[in-house]
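Below: one structure, written as structure tokens.
The values are calculated or read from the model by the stated rules, or taken from the named source; none is laboratory data. These numbers were taken from a predicted model, which means no experiment stands behind them. We place every Cβ from the backbone using ideal geometry, glycine too, and count neighbours over all the protein chains shown.
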Amino acid sequence: MINLNGELQAVTSPLFSVQNRGFLYGDAVFETLRYSQNQLHFWEDHYFRLMAAMRVFRMNIPMAFTPEFLEQECLRVVEAQSTAAPSWRIRLSVFRNDGGVYLPASRDVSYVIEAKPLNSEKYNSKETYTVELFKDYYVQKSMLSNLKSNNKALNVIGSIFMQEQGFDNGILVNDDKEVVEFLNGNLFVVDAGVLRTPPLSAGCLDGIMRKQLIRLAKKHGITCLEEKISPFDIQQVQEVFMTNSISGIQPVSSYRRTAYQNTIALQLLRALNESVSSSQGN
């Protein structure tokens, strides 16, 4: 079941017309979040990022779009599923209504929410995870790159390339050849015990899990710096890991001829699971 503008529908029924602006022009923004232990993880952060994206896209934000309303709309989708699962991957998409070409006929919006089952209640990681640099196309250093929108051609092309080459993920760079992020998450490295991650000005996604990791590192006495990282740096550090709202933290096992440790990554992964468990019911 999906939730289209507050109406629960079976996914087998047609949902959109061929004039849907998210399909035609990428005129849509979205959030991907995880539900488990009777809660939407880091919902407040997801909500405010969604509102920021809608403002940048100059969408009319309905008065009904309060944090409480959209949270309940997401929960309704989970409750309507016919099968049980330890956790769920939820995608909340907001798209501008049909009409117009590049210039929309209206700034009003609709929303759709879907849920897909996940196998584990807690965040966990794979033991082996290999990556490579993706250099065919570059990330732009702009505010649009910090948002989650339907404009994801770079991520799609890069993901296909990495699958063809036998890698689990790809590292993206910007026009200045600075490391930006992974194809589907933010990037962190550990260098001499210090956590480093590219700044938002490099063009990376303003990731929800990125924000949580910076908070957790500070709480556990780990220095975290937002600073430029070069492709050369990636081969000189002790740890590299990816973060996103579904996987949590995924350590990289190797990049080219460099093999990595995962001590701090796994320490933060345990802390992340503990923080989610302790917030249950709050």
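Among the residues examined, Ile171 does not qualify as of a type in the set (Val, Ile, Thr) and part of a helix (DSSP H, G or I).
This table checks each residue for (1) closer than 30 Å to Trp88 by Cβ; (2) crowded, with 20+ Cβ neighbours inside 10 Å; (3) touching a Phe, Trp or Tyr at 6+ places or on another chain (Cβ under 8 Å).
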{"residue": "Thr128", "(1), (2), (3)": "yes, no, no"}
{"residue": "Lys135", "(1), (2), (3)": "no, no, no"}
{"residue": "Asn151", "(1), (2), (3)": "yes, no, no"}
{"residue": "Leu154", "(1), (2), (3)": "yes, no, yes"}
{"residue": "Ser159", "(1), (2), (3)": "yes, no, no"}
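Can you tell me which residue is nearest to Asn151 (Cα to Cα) among those in the stretch 37-48 that are in contact (Cβ under 8 Å) with a residue 40 or more places away in the chain and crowded, with 20+ Cβ neighbours inside 10 Å? Explain how you work it out, then say what you get.
From the stretch 37-48, those in contact (Cβ under 8 Å) with a residue 40 or more places away in the chain are 37-42, 45-46; that's our starting set.
Filter again for crowded, with 20+ Cβ neighbours inside 10 Å, leaving 40-41, 46.
Values: Leu40: 25, His41: 25, His46: 19 Å.
Within the stretch 37-48, the match that is nearest to Asn151 (Cα to Cα) is His46.
Given the structure, is Ala52 of a type in the set (Gly, Ala, Ser) and either in contact with a His (Cβ under 8 Å, 6 or more places away or on another chain) or outside any helix (DSSP H, G or I) (or both)? Judged against the criteria, Ala52 is not a match.
Going through the stretch 79-94 one residue at a time, which ones are closer than 20 Å to Asp45 by Cα and out of contact with any Pro (no Cβ under 7 Å at 6 or more places or on another chain)? If the condition is that a residue be closer than 20 Å to Asp45 by Cα and out of contact with any Pro (no Cβ under 7 Å at 6 or more places or on another chain), then Ser87, Arg89, Ile90, Arg91, Leu92, Ser93, Val94 are the ones that fit.
Highlighted here would be strands (runs of 3 or more DSSP E) found entirely within the stretch 176-282 that include at least 1 residues which are modelled with pLDDT under 95 and touching a Leu at 6+ places or on another chain (Cβ under 8 Å), but there are none. Here Arg49 qualifies as of a type in the set (Lys, Arg) and under 28 Å from Lys211 (Cβ atoms). If you go through the stretch 131-171 and keep only what is hydrophobic (A, V, I, L, M, F, W, C) and under 21 Å from Phe30 (Cβ atoms), you end up with Val139, Met143, Leu144, Leu147, Ala153, Leu154, Val156, Ile157, Ile160. For first residues located in the stretch 222-234 and free of Cβ contacts under 8 Å to residues at least 40 places away in the same chain and in the same structural domain as Leu200 (by TED's automatic domain parsing), partners that are among the basic types (Lys, Arg) and surrounded by fewer than 15 Cβ atoms within 10 Å (Cβ to Cβ) and lie 6+ apart or on another chain with Cβ distances below 8 Å form the pairs Cys224/Lys218.
Can you name every residue in the stretch 191-205 that is farther than 11 Å from Val180 by Cα and not β-branched (Val, Ile, Thr)? Steps first, answer last, please.
Within the stretch 191-205, the subset farther than 11 Å from Val180 by Cα is 191-196.
Asp191, Ala192, Gly193, Leu195, Arg196 - these are the residues of the stretch 191-205 that are farther than 11 Å from Val180 by Cα and not β-branched (Val, Ile, Thr).
Return yes when Arg196 is in contact with a Phe, Trp or Tyr (Cβ under 9 Å, 6 or more places away or on another chain), farther than 19 Å from Gln261 by Cβ and not hydrophobic (A, V, I, L, M, F, W, C) and no when it is not. It is false that Arg196 is in contact with a Phe, Trp or Tyr (Cβ under 9 Å, 6 or more places away or on another chain), farther than 19 Å from Gln261 by Cβ and not hydrophobic (A, V, I, L, M, F, W, C). Residues that are in a helix (DSSP H, G or I) and either touching a Ser or Thr at 6+ places or on another chain (Cβ under 9 Å) or small (Gly, Ala, Ser) (or both) within the stretch 60-82 comprise just one, Ala80.
Taking first residues from the stretch 61-83 that are under 16 Å from Lys116 (Cβ atoms) and assigned by TED's automatic domain parsing to the domain that holds Phe48 and partners that are outside any loop (DSSP other than H, G, I, E, B) and acidic (Asp, Glu), the Cβ contacts under 8 Å between residues at least 6 apart in sequence or on separate chains come to Val77/Glu114.
The residues listed here are Val11, Val94; of these, the one that is in contact with a strand residue (DSSP E or B) (Cβ under 6 Å, 6 or more places away or on another chain), surrounded by fewer than 12 Cβ atoms within 10 Å (Cβ to Cβ) and outside any helix (DSSP H, G or I) is Val11.
Taken residue by residue, the stretch 192-199 has at least one member that is touching a residue at least 60 places away in the same chain (Cβ under 8 Å) and under 22 Å from the mean Cα position of the chain (by Cα).
Val56 meets all of the listed conditions (1) in contact with an Asp or Glu (Cβ under 9 Å, 6 or more places away or on another chain); (2) more than 29 Å from Ser279 (Cα to Cα); (3) of a type in the set (A, V, I, L, M) but one, namely (1).
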